[in-house]
Amino acid sequence: MESGWLAEGPRVAEFEREFAAAQGVTQAVAVSSCTTALHLALLVAGVKPGDEVVVPSFWLQAQGHRFHQAVKPGDEVVVPSFSFLATASVPRCVGAEPVFADVDPLTGNLTAETVAAVLGPRVSAVVVVDQGGLPADVGPLAELCHARGVVLIEDAACAVGSRYRGCPVGIGADAAAWSFHPRKLLTTAEGGMLTTDRKDWAEHARRLRQHAASFPAAERHEAVRAPAEEYAELGDNFRMTDLQAAIGIVQLRRLPAMVERRRALVASYRAALDGVPGLRLIEDPPEGESNFQSFWAEVDADFPLTRDGLLDALAAEGVSARAGIMAAHLEPAFAGKPLRAPLPATERLTARTLILPLHHELGEEGVGRVADALRRAARTPKVPEGERR
Ligand SMILES: *Cc1c(COP(=O)(O)O)cnc(C)c1O
């Protein structure tokens, strides 16, 4: 605040350089949220909206109609339904249509197989999510997409600090979007980032985040005789502030220690819950390592309680767990939208998973308390499947 710069300025530029270096990419564009980062990613990748073609017709006018409207549909963007709603809502922001693909029943992430099942001629982009921080198997997806001229965007909102094939996640896609909301590991209160190795995309995104002005506000304010800016197209205000970036720079330095701490706590959870039947704990996939932003468990038929029954039992002991990840296609906002393929793994995971308490200050004692409550719940007398709640 004492520097005099509050809105986007030198701190944002510094945070962008440090974040790009940490993620192993050449370009990072700071924005107001992951949602706006995804929005920009689809715009710079050239995902096209539909067109309303208005055709005046004298014959139709004679029939009492004013115009005949032929509608050219927009592009399609393949997304998982099994994600926070933003992943599915962003295609609509650019006039495109989301197409839901199912996820792997173990990892909760899209795979090349589930995406191939819904690809069609209008698909111009795929958004793959590293759900809860668990790295998606991006390699085969990139191969599938690039063979068809489809762009692959990684929604890495939850995955800062996660690794895939020995590198930070995000590198295997054409662009990646990150969230710095307080629910995520690295926070700037609100904020997001778009990363890519495409310099042309990054430059375009930098213009679009500030109304597509030809000069950034920071450059104009530094000049004694400010150049006149020009607006060649329409953009938006997706800027991050220097106040947020200053927080982000400090947070970024703490990230490796935070990830290490979370992974140690997850190892303690695993040891404490070893041998509990009917509770599958999420684990690293063979291709990578999770930051364990969300440590979730699937409650299957061997467990004496349903997922909701277990949430109640934990709450009765003062343990606040959370229902697992949502499924966008079950929300009223997408109701009535026909599915291109059934989503059995999505529906199973959204009904049967819960997220266990985990933060880097939880401590071994906290893990022990939650694990004890889970073990007690696992000893509940079993109720026949049909009578369960
Ligand atoms: C949190 C989250 C978002 C949205 O991030 P914001 O920064 O709040 O816009 C998008 N996608 C996924 C998978 C998320 O978890």
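The values are calculated or read from the model by the stated rules, or taken from the named source; none is laboratory data. Keep in mind it's a predicted model, so treat the numbers as computed, not measured. Don't worry about glycine lacking a Cβ; one is built from the backbone with ideal geometry, like all the others, and counts go over all protein chains shown. What goes into the accessible areas is simple: the full protein's heavy atoms, side chains included, and nothing from ligands, DNA or RNA. Shrake-Rupley method; radii C 1.70, N 1.55, O 1.52, S 1.80 Å.
Please compute the contact order of segment 226-319 in relative form: average sequence separation of alpha-carbon pairs under 8 Å and at least six residues apart, divided by the residue count, as a percent.
Relative contact order, segment 226-319: 21 percent.
Once you have the Cα-Cα distance between GLU203 and ALA117, take 0.36 nm times their residue separation minus that, and quote the gain in nm to one decimal.
Value of the extension gain: 27.5 nm.
Normalised by 2.2 N^0.38 Å, where N is the number of residues, the C-alpha radius of gyration of the chain stands at 1.10. Gain on full extension, evaluated as 0.36 nm per residue between ALA351 and GLU317 minus their Cα-Cα distance, stands at 10.0 nm.
In the chain, the calculated helix contribution to ellipticity at 222 nm averages -10500 deg cm²/dmol per residue, counting -39,500 (n - 2.57) for every DSSP H run with n ≥ 4. Accessible surface for the chain, divided over its residues, is 47 Å² per residue with a 1.4 Å probe. Using a Debye calculation, one point per C-alpha and no hydration shell, please list log10 I(q)/I(0) for segment 283-343 at q = 0.13, 0.20, 0.22 Å⁻¹ in order. With one equal scatterer per Cα and no solvent, log10 I(q)/I(0) is -0.60, -1.01, -1.02. Dimensions of segment 255-387 from C-alpha coordinates, computed as largest minus smallest value along each principal axis and given longest first, are 46, 41, 27 Å. Residue-wise HN-Hα couplings along segment 368-378, as the Karplus relation 6.51 cos²θ - 1.76 cosθ + 1.60 with θ = phi - 60° gives them from phi, are x, 5, 5, 4, 4, 4, 5, 5, 5, 5, 5 Hz; Gly and Pro carry x. Angle of helix 307-316 to the longest C-alpha principal axis of the chain, folded into 0 to 90 degrees and rounded to 10: 70°.
Can you give the extra length, in nm with one decimal, that the chain gains between GLU229 and ASP284 once fully stretched, where that is 0.36 nm per residue apart less the Cα-Cα distance?
Gain on stretching GLU229 to ASP284: 14.9 nm.
Placing R0 at 35 angstrom, the Cβ-Cβ distance between ALA13 and ALA335 gives a FRET efficiency of 0.20 after rounding to 0.05. Every pair of different Cα atoms in segment 1-53 enters the Kirkwood calculation, which places the hydrodynamic radius at 13.4 Å. Computed on the chain, with alpha-carbon pairs under 8 angstrom and 6+ residues apart, the relative contact order is 20 percent. Pull up the cross-link candidates among the aspartates and glutamates for LYS337, meaning alpha carbon to alpha carbon under 13 Å and not fewer than 8 places away within one chain. Result set, ordered by chain and number: GLU97.
The long axis of helix 138-147 is offset from the longest Cα principal axis of the chain by roughly 30 degrees. Using the alpha-carbon atoms, what tilt in degrees (0 to 90, nearest 10) does helix 242-272 show relative to the longest principal axis of the chain? Computed tilt is about 30 degrees.
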